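There's a structure below that I have some questions on.
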Amino acid sequence: MLEYEAELINMVEETISCTEIQILEQEEGTLGDFLGDADNAFRRLKQIEGVTLSPSLKNTFHRFNGLGLQWSKSGENEWPGGEFRLVQLLDAIIGGAPAWLTQEGWPEEQRVLHSDFRVFDSQFYGGVGTFSALRLQDGVENPKIWYFNITYGSIEMEIDYEGYMNQLLLTRGVYYWQYLFTDIPFEHYNFEAIASGLRSSIDFLEENFPDHDYSELTARLDERINRRRET
């Protein structure tokens, strides 16, 4: 098992073992041993798709397809709660863009944007139409990360794939954590509800996983709340 794979499994086991959490859905996923290590997998990607990725993406490379968890605080339906479902990079890239996002009916500008998306994390179980994707563009070895919400649309994140996967270990997929790493346009989002949910989720994580440092998440949330008040 690769180092980051072990970190993912440890995070899942920690979450499941927490007495204050109820598990709503769990998927162990298949482990693509045939890919070998990150170096070998990235060589395969270059051979098959002609895609060269930055070596930094190897630091959080994993070979799981369908490793997922949906959870909530015991006795609650959503807040605090979260979910994720991970797909390894090769399958995400080879699988192409989600067909329904490139069909007629979307504005042309959005269809062009969506055609670059390669989904590696989604809220599969809740069926709420949200996912995170690499934006695959020619000559870009460290692709931008975009977060898509069926209600609010697409927004670019301020972290790369390595940063995203490290934050996933910390957040355990709490709903809307991705907005803490975006320049969220307040006028188009129900920010008050999102911020309230994130506050309760971060407080819950701090209380139940005290060995982890959530100060950056708290600071990012406070910064966005203050910016909202100034608008």
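What is the mean projected area of the alpha carbon convex hull for region 78-180, to one decimal in square nanometres? List each step's numbers first, then the result.
Working: hull surface 26.9 nm².
So the mean shadow area of the Cα hull is 6.7 nm².
Okay, moving on. Along each principal axis of its Cα atoms, how long is the chain end to end? Whole angstroms, biggest number first, please.
Here the spans come out as 47, 42, 28 Å, largest first.
Grab every C-alpha pair in region 1-108, bin the distances at 10 angstrom width from 0 up to the longest one, and report whole percents.
Taking every Cα pair in region 1-108, the percentages come to 13, 35, 28, 20, 4.
For residue 58, give me every one of the lysines with a C-alpha distance below 30 angstrom, ignoring sequence neighbours fewer than eight places off in its own chain.
Answer for residue 58, where 30 Å is the Cα cut-off: 46, 144, listed by chain and number.
What is the Cα centroid distance between region 57-94 and region 137-152, reported in whole angstrom?
The two parts, judged by their Cα centres, are 17 Å apart.
Taking the alpha-carbon centroid of each part, what is the distance from region 6-38 to region 195-231 in angstrom?
24
What percent do you get for the relative contact order of region 3-182 when only Cα pairs under 8 Å and 6+ apart count? Present the calculation step by step, with values, prior to reporting the outcome.
Details: 302 pairs, mean separation 33.9, N = 180.
With pairs under 8 Å counted, the relative contact order is 19 percent.
I'd like to compare 221-228, 79-86: which one has the highest average count of other Cβ atoms within 10 Å, and what's the full order after that?
The packing order, highest mean first, is 79-86, 221-228.
Once you've got the GNM for the chain with C-alpha springs shorter than 10 Å, pick whichever of 120, 148, 191 has the biggest mean-square fluctuation.
Greatest mean-square fluctuation among the candidates belongs to 191.
We did not get these values from a lab; they are worked out from the coordinates using the rules stated. Every value quoted in this text rests on a predicted model; they were computed, and no experiment measured them. We place every Cβ from the backbone using ideal geometry, glycine too, and count neighbours over all the protein chains shown.
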